[in-house]
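Have a look at the structure below before the remarks.
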Amino acid sequence: MVARTDVADVLIVGGGTSGGVAARHLAEAGFKVVVLEQGHWPNESDFPGNKPEYELLAAKQWSPNPNLRGKPEDYPVNDSESDLPVIMYNAVGGTSVLFAACWTRALPSDFRVKTLDGVADDWPISYEELLPFYEINDRDMGVSGLVGNPAYPPGAAPPLPPFPIHKTGRRMAEALNRLGWHWWPGDNATPSMDYGHQKQCLRYGICRMGCPAGAKASTYITHFPLALNRGTQIITGA
Ligand SMILES: Cc1cc2nc3c(=O)[nH]c(=O)nc-3n(C[C@H](O)[C@H](O)[C@H](O)COP(=O)(O)OP(=O)(O)OC[C@H]3O[C@@H](n4cnc5c(N)ncnc54)[C@H](O)[C@@H]3O)c2cc1C
Ligand code: SF4
């Protein structure tokens, strides 16, 4: 009997955000990975953000709500008993195609809400245990930000420098200063300069419709190309 050579070590159902992270790291660790993704590879020239009718397109064909979008690869979601509609995207890259790229970590206290506030449950892991993985993700996703936020324990600097603070941000910062409240420039999974497969962010501000500049960290840019280079097979329209 001849041994089969086309057997995968790992099958990932859903080539979205976390599917991309798993595929890339498993492939880099030497595993043979197959990904089944019900959507298709995004085409950046289709993204609506740099088109004059972008607001109309974002309300229908590019809505984050699959029930409004209604593409062939979108399954309907029954949200009749939900206070909020489901928002997500079906494609290679998944919801990271449409996400806003605000890159906020949980605070150490968020892991201990039962102990500290008497609500819900404590997490079985701590911020400190997650820290090395947060830092790997920051490097993988081309995160821009300013190290040293005193609201968090010390850690590595984001791989890219922060963006300059614009007029609106300055106004907000000055208001917070008047109140004596802490503020810090937010981390963004948008690169402030060319980084790996990512182009420099041009600050269009329409990240939630897909990034036409190929800048925003979506796993179809940041992870799947590297997984493919290591032999991962991605089956789209699955
Ligand atoms: C508009 C918007 C803005 C957001 N902004 C932010 C933000 O600024 N910061 C932040 O941290 N988060 C943000 N989020 C949330 C974040 O994007 C998601 O939580 C995250 O991307 C989800 O990742 P996931 O891997 O769980 O799922 P997804 O990335 O949604 O991946 C799931 C994948 O599985 C595929 N799939 C599902 N079922 C099947 C099946 N049966 N067979 C094959 N394939 C299947 C889907 O097509 C999809 O590609 C935002 C989300 C939206 C919609
Ligand atoms: S260029 Fe920057 S601001 Fe514009 S959509 Fe891309 S990541 Fe977002």
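Bear in mind these aren't lab numbers, they're just calculated from the coordinates by the rules spelled out. In this text, all values refer to a predicted model and were calculated from it rather than measured experimentally. No Cβ is skipped: glycine too gets one built from the backbone with ideal geometry, and neighbour counts run over all protein chains shown.
What number of residues within the range 117-133 satisfy the criterion of being surrounded by 12 or more Cβ atoms within 10 Å (Cβ to Cβ) and either charged (D, E, K, R) or over 22 Å from residue 157 (Cβ atoms) (or both)?
Of the range 117-133, the ones surrounded by 12 or more Cβ atoms within 10 Å (Cβ to Cβ) are 122-123, 126-127, 130-131.
Next cut, either charged (D, E, K, R) or over 22 Å from residue 157 (Cβ atoms) (or both) only: 122-123.
Residues meeting the conditions: 2.
Looking only at the range 134-177, which residues are acidic (Asp, Glu) and surrounded by fewer than 12 Cβ atoms within 10 Å (Cβ to Cβ)? Walk me through how you get there before you give the answer.
At the first step, the residues of the range 134-177 found to be acidic (Asp, Glu) are 135, 138, 140, 174.
Answer for the range 134-177, where residues must be acidic (Asp, Glu) and surrounded by fewer than 12 Cβ atoms within 10 Å (Cβ to Cβ): just 174.
Filter the helices (runs of 4 or more DSSP H) completely within the range 141-238 down to those with at least 1 residues that are away from ligand 1 (no atom under 16 Å from the Cβ) and over 26 Å from residue 19 (Cβ atoms). I'd like the intermediate steps shown before the answer.
Details: elements: 167-179, 219-222, 224-229.
Of the helices (runs of 4 or more DSSP H) lying wholly inside the range 141-238, those with at least 1 residues that are away from ligand 1 (no atom under 16 Å from the Cβ) and over 26 Å from residue 19 (Cβ atoms) span 167-179.
Would you confirm, using the coordinates I've provided, whether residue 31 is surrounded by 13 or more Cβ atoms within 10 Å (Cβ to Cβ), in a loop (DSSP other than H, G, I, E, B) and touching a strand residue (DSSP E or B) at 6+ places or on another chain (Cβ under 7 Å)? Break it down stepwise before answering.
Numbers: surrounded by 13 or more Cβ atoms within 10 Å (Cβ to Cβ): yes; in a loop (DSSP other than H, G, I, E, B): yes; touching a strand residue (DSSP E or B) at 6+ places or on another chain (Cβ under 7 Å): yes.
Against the criterion (surrounded by 13 or more Cβ atoms within 10 Å (Cβ to Cβ), in a loop (DSSP other than H, G, I, E, B) and touching a strand residue (DSSP E or B) at 6+ places or on another chain (Cβ under 7 Å)), residue 31 qualifies.
Residues of the range 178-189 being surrounded by 14 or more Cβ atoms within 10 Å (Cβ to Cβ) and more than 14 Å from ligand 2 (Cβ to nearest atom), which ones?
183, 184, 185
Return the residues of the range 190-238 that are closer than 16 Å to residue 39 by Cα and crowded, with 21+ Cβ neighbours inside 10 Å; say none if nothing qualifies. Break it down stepwise before answering.
First, pick out the residues of the range 190-238 that are closer than 16 Å to residue 39 by Cα: 210, 218-221, 224, 233-238.
Listed by number, the residues that qualify are 210, 218, 219, 220, 221, 224, 234.
Here is a list: 47, 111. Which entry is within 16 Å of ligand 2 (Cβ to nearest atom), more than 20 Å from residue 140 (Cα to Cα) and surrounded by 17 or more Cβ atoms within 10 Å (Cβ to Cβ)?
47
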